[in-house]
């Protein structure tokens, strides 16, 4: 319940500040341009076009997720407003969940605003509703994981710029694990590719395949980084 | 209301406070007085559960800050030295948010917000964005958020910092208005501020309580070792001659311990500024003696600066701490040098 009070305040801040609108607008613009150029290839099947759309959207989602989450805790520390939360009868866990809900909510809204593109493919081509729904599920799960990483990075830094740099470095490292997987021998290659944020875990969603292992992976990444952010807040009180 | 026992707080290896023990009764208005870096803010942050102590026990309203932090936070309102305000919210939205965060029942939020708006006199700016308010109003909003949930304990860290004289007067009134309904702890490094608003003063130095008592007790203590600042002028004389005359006129008086010539407080021929350390209140005698010596008194005032107060309160220990430390260090070095084996020919 307390988390929702914080989430509401954060959503309000996104709506009032030009930053939230600018990030969403920029991401939608990039998505639209990439979709337009992908659709120019007339030899491509509609299912392939949809797969390409989810691939392109994942990049926009990751960048937007990091940019939306960078301010969550870093800005509070920078402006001193974190004291209001720290001295209220509210648990650190609720602070983190509230912040996460707001940023994740805005990111999900942004993803849903791209729905007109798959809808056009659905109307003009031959794709299943399941493909579209699974693709969006993948985008939403990826967005949740990146938001959690960004939130964790934001808990470490006082500056938003530093927070986004830390977050981007962590996301890039997790994405590039698939490269590491290619360079090492079994069984480590399976281990690293299983940990990769995008390649192995995201591709099934792109093609419309729902895999509960992949769903569990993203949920675990999200949980791990939210828990880490909570621990950082708890630890700061002892400093 | 507050029981602190053997409280220590370390930032890494640096001791910020400790050992610190005190008790504060319900309804008291306590002033925490100390120089910058003395440990005031850290003490207040521990009371507000913003920081947790390294060791020791702190109980607020019967709850331990480590074991029951949420219960403590529900009973404490805290205004840090920098009010925690969101510039993008209006005053009313912000106070509503603060009330909800602090467990005020949904049905009561509107009334509580209206009450604190009235008490802190911010009703006329309630619909303005906080970012557009003056510093004085921001401080008022900061106090309003600290009391919106009706806490038993209100903790205010330097509430007059950065305010102009009119705002300071208003803020004093506001803090006095909290008396009775709340136990209040106010920190400041300005003695007059504390003495104007508080029932009791706790002087913090180097993370410890150096002195505790009421304003009258403090005055009585200080009269035992007060300092007088003097600026005098002798027409047609040089500064050196004036200083000699003044020194001679004052030194002979009973109760005068030390006379120190300072940089002149104002420009002009034959003007000298002195600081006189006395063991009793001999201001009248000093004035008469200077006049009899043919000196014009431009200023004669009892020093009430905090630094001077500290020197008086802590006596020789504080006044000469630096010198003693240097001497001690020198002594240690001398001892070490004398105890160190003389370099042998082999080592050379």
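Given a Förster radius of 60 Å and the C-beta distance between residue B:15 and residue A:212 as r, what FRET efficiency does 1/(1 + (r/R0)^6) yield to the nearest 0.05?
Calculated value: 0.65.
Cα-based Rg (one decimal) and Dmax (whole number) for segment B:67-197, in Å?
According to the Cα coordinates of segment B:67-197, Rg and Dmax are 14.0, 42 Å.
What do the square roots of 5 times the Cα gyration tensor eigenvalues come to for segment B:113-177, in whole Å, largest first, as semi-axes of the equivalent ellipsoid?
Numbers: eigenvalues 54, 51, 21 Å².
For segment B:113-177, the ellipsoid semi-axes come out as 16, 16, 10 Å.
Against the longest alpha carbon principal axis of chain A, how many degrees, from 0 to 90 and to the nearest 10, is the axis of helix A:92-112 turned?
That works out to roughly 30 degrees.
Helix B:109-119: angle to the longest alpha-carbon principal axis of chain B, degrees 0 to 90, nearest 10?
Value to nearest ten degrees: 30.
Express in % the proportion of alpha carbon pairs of segment B:2-221 at distances exceeding 29 Å.
Roughly 24 percent, rounded to a whole number.
Using the count of nearby Cβ atoms within 10 Å as a rough guide to exposure, how do A:14, B:97 rank from fewest to most? Don't jump to the answer; show the numbers that get you there.
Values: A:14 19, B:97 23.
The fewest-first ordering by Cβ neighbours comes to A:14, B:97.
By counting other Cβ atoms within 10 Å of each Cβ, how are A:238, A:178 ranked from fewest to most?
Going from sparsest to densest Cβ surroundings: A:238, A:178.
Hey, what angle do you get for helix B:91-101 against the long axis of chain B, alpha-carbon based, 0 to 90 degrees rounded to 10?
Result, in degrees: 80.
Multiply the residue gap between residue A:199 and residue A:169 by 0.36 nm, knock off their C-alpha separation, and tell me the result in nm, one decimal place.
The residue A:199-residue A:169 span can extend by a further 9.1 nm.
In segment A:1-117, if every C-alpha pair distance is counted and binned at 10 Å from zero, what percent goes to each bin?
Binned Cα distances yield the sequence 13, 38, 25, 15, 7, 2, 0.
May I ask you to compute the full-extension gain from residue B:238 to residue B:281, defined as 0.36 nm times their residue separation minus their alpha-carbon distance, rounded to one decimal in nm?
The residue B:238-residue B:281 span can extend by a further 12.5 nm.
In peptide A:11-17, how many Cβ atoms from other protein chains are near each Cβ within 10 Å, on average?
For peptide A:11-17, the averaged partner shielding equals 2.
Starting from 0 in steps of 20 Å, tell me what percent of the Cα-Cα pairs of the protein assembly as shown lands in each bin.
Spelled out per bin, shortest first, that is 17, 35, 27, 15, 5, 0.
Using C-alpha positions alone, give me the convex hull volume of segment B:227-302 per residue in cubic angstrom.
Value for segment B:227-302: 70 Å³ per residue.
I'd like the distance separating the alpha-carbon centroids of segment B:159-233 and segment A:128-151, in whole Å.
59
Starting from the Cα of residue A:37, step 7 Å along the direction of its Cβ; do the same at residue B:6; then give the gap between the two resulting points in nm.
7.0
Of all alpha-carbon pairs in segment A:2-238, indicate the percentage at a distance above 34 angstrom.
Every Cα pair in segment A:2-238 considered, those over 34 Å come to 18 percent.
Taking beta carbons within 10 Å but only from partner chains, what does the mean come to for residues B:81-88?
5
Let me know the whole percent of all Cα-Cα pairs from segment A:102-166 that are separated by more than 13 Å.
Details: 1418 of 2080 pairs.
That fraction is 68 percent.
Which FRET efficiency value, to the nearest 0.05, is calculated for residue B:22 and residue A:182 with the Förster distance at 60 angstrom and r the Cβ-Cβ distance?
Taking R0 as 60 Å, the efficiency between residue B:22 and residue A:182 is 0.40.
At a Förster distance of 45 Å, what's the computed FRET efficiency of residue A:30 paired with residue A:238, Cβ-Cβ distance as r, to 0.05?
Efficiency computed from Cβ-Cβ geometry: 0.60.
Under the definition of partner shielding as Cβ atoms of other protein chains within 10 Å of a residue Cβ, what is the mean value for peptide B:141-148?
1
Counting other beta carbons within 10 Å of each Cβ, put B:143, A:33, A:97 in order, fewest first. Write out the running numbers ahead of the final one.
Numbers: B:143 24, A:33 11, A:97 20.
In order of increasing Cβ crowding within 10 Å: A:33, A:97, B:143.
What is the spin-label model distance, in nm, from residue B:134 to residue A:12 if the labels are put 7 Å beyond Cα along the C-beta direction?
Modelled inter-label distance: 2.6 nm.
Plugging the Kirkwood radius over Cα pairs into Stokes-Einstein for segment A:99-239, at a temperature of 37 °C and a viscosity of 0.692 mPa s, what D comes out in µm²/s?
The calculation lands on 199 µm²/s.
Run the quick spin-label model on residue A:126 and residue B:297: label points 7 Å from Cα toward the beta carbon, then report their separation in nm to one decimal.
Inter-label distance under the simple model: 10.9 nm.
Every number here is computed from the coordinates shown, using simple stated rules; none is lab data. What you see is a predicted model; the values in this text were computed from it and never measured. When we count neighbours, we look across all protein chains shown, and the Cβ atoms used for this are built from the backbone with ideal geometry, even at glycine.
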